[in-house]
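Trainee: Okay, handing you the structure first.
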Amino acid sequence: MIGFHPIASFAESKIRDCGEQMKRRFDPDRILRELRSSGREPGRFDIRIDSRGCWYHEGGLIGRIELVRLFSTVLRIDEDGGYWLVTPVEQGRIEVEDVPFVWVELRRGERDGAPLFELRNNLDEWVSVDADRPLRLRELAGGGGTAPYVEWRDGLFGRVDRPVYYELAELALEHDGVFGIFSGGIFHRLGDP
């Protein structure tokens with residue numbers, strides 16, 4: 001078949017299957033709770049997100065950013081830290097090596113005369129680092145120290161990429177014996193001085 005692309009066909013078939021249901025609001029968290037309490041064996045999709053935020057299907061890189069964005073809209077994390085793709089029609093677990101997103105660009109600005117840092121993720125979405133989305137130091141998946149993470153949405157986090165971390169470190173200052181930045185009206189810890 002000319003122009004056939006298995007990943008695109010997979011995504012397009014899922015969108016068609018959802019039909020009008022995708023246009024209506026649905027509660028993916030409720031769907032996950034019901035699935036878990038039903039005792040049914042959950043499905044598993046052969047989708048993996050590596051530690052750099054790259055998405056793979058059946059071992060092949062998903063090269064179309066539009067498909068990754070589409071899948072990211074139905075991505076959820078459950079209370080046990082498992083990752084799922086959830087639509088009204090189908091639900092399945094996927095593998096995530098660390099977190100699904102990576103913050104790859106830093107932008108400096110101001111809000112109400114105070115410093116404000118914004119981060120862009122690997123899906124080209126921006127968030128402000130502030131009280132609603134603070135920098136959080138967490139252990140890296142597989143060990144090897146800590147790294148700063150910032151929530152994007154719905155409990156889904158992105159890890160601050162190393163070059164962006166170095167940019168933040170150059171702008172950091174010591175405050176009350178802690179190394180960090182002021183952004184969005186609060187102090188965000190980056191480490192010990």
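Trainee: Need one number: nm distance between label points at Ala114 and Glu97, each 7 Å from Cα along Cα→Cβ, rounded to one decimal.
Mentor: 3.7 nm
Trainee: Would you kindly derive the ³J(HN,Hα) couplings of the stretch 46-55 from the backbone phi angles with the Karplus curve 6.51 cos²θ - 1.76 cosθ + 1.60 (θ = phi - 60°), listing them in order in whole Hz, with x for Gly and Pro?
Mentor: Once θ is set to phi - 60°, the couplings for the stretch 46-55 become 7, 10, 9, 10, 7, 5, 9, x, 8, 9 Hz.
Trainee: Mind giving me the nanometre distance, one decimal, between the label points for Glu79 and Glu105, set 7 Å out from Cα along Cα→Cβ?
Mentor: My value for the distance between the label points is 3.9 nm.
Trainee: Name the residue farthest towards the positive end of the dipole of the stretch 101-191 from the options Phe157, Thr146, Leu171, assuming +1 on Cβ of Lys and Arg, -1 on Cβ of Asp and Glu, about the Cα centre.
Mentor: Looking along the dipole axis, the top candidate is Thr146.
Trainee: Identify the residues of the stretch 79-114 with backbone N under 17 Å of a label point that sits 7 angstrom from the Cα of Asp27 along the Cα-to-Cβ direction, or state none.
Mentor: Within reach of a label on Asp27, which here means backbone N under 17 Å from a point 7 Å along Cα→Cβ, the stretch 79-114 contributes 79, 86-89.
Trainee: What FRET efficiency would be calculated for the residue pair Ser38, Arg138, taking the C-beta separation as r and a Förster radius of 25 Å, to the nearest 0.05? Walk me through the intermediate numbers first.
Mentor: On the way: r = 32 Å, r/R0 = 1.28.
Once rounded, the FRET efficiency stands at 0.20.
Trainee: Continuing with this model, one more query. Using the 10 angstrom Cβ neighbour count as an exposure proxy, how do Trp55, Trp152, Trp126 rank, fewest first? It would help to have the intermediate numbers written out before the result.
Mentor: On the way: Trp55 24, Trp152 21, Trp126 11.
In increasing order of surrounding Cβ atoms, one gets Trp126, Trp152, Trp55.
Trainee: Further, regarding this structure: What FRET efficiency do you get for Trp126 and Phe179 if R0 is 25 Å and r is their Cβ-Cβ distance, rounded to the nearest 0.05?
Mentor: Details: r = 25 Å, r/R0 = 0.99.
So, using R0 = 25 Å, E works out to roughly 0.50.
Trainee: Please compute the length gained on full extension between Arg189 and Glu167, using 0.36 nm multiplied by the number of residues separating them and subtracting their Cα-Cα distance.
Mentor: Length gained, Arg189 through Glu167: 6.5 nm.
Coordinate-derived values only; no laboratory data. Note that the structure is a prediction, hence the values are computed from the model and not measured. Counting neighbours? That spans all protein chains shown, and the Cβs are built from the backbone with ideal geometry, glycine included.
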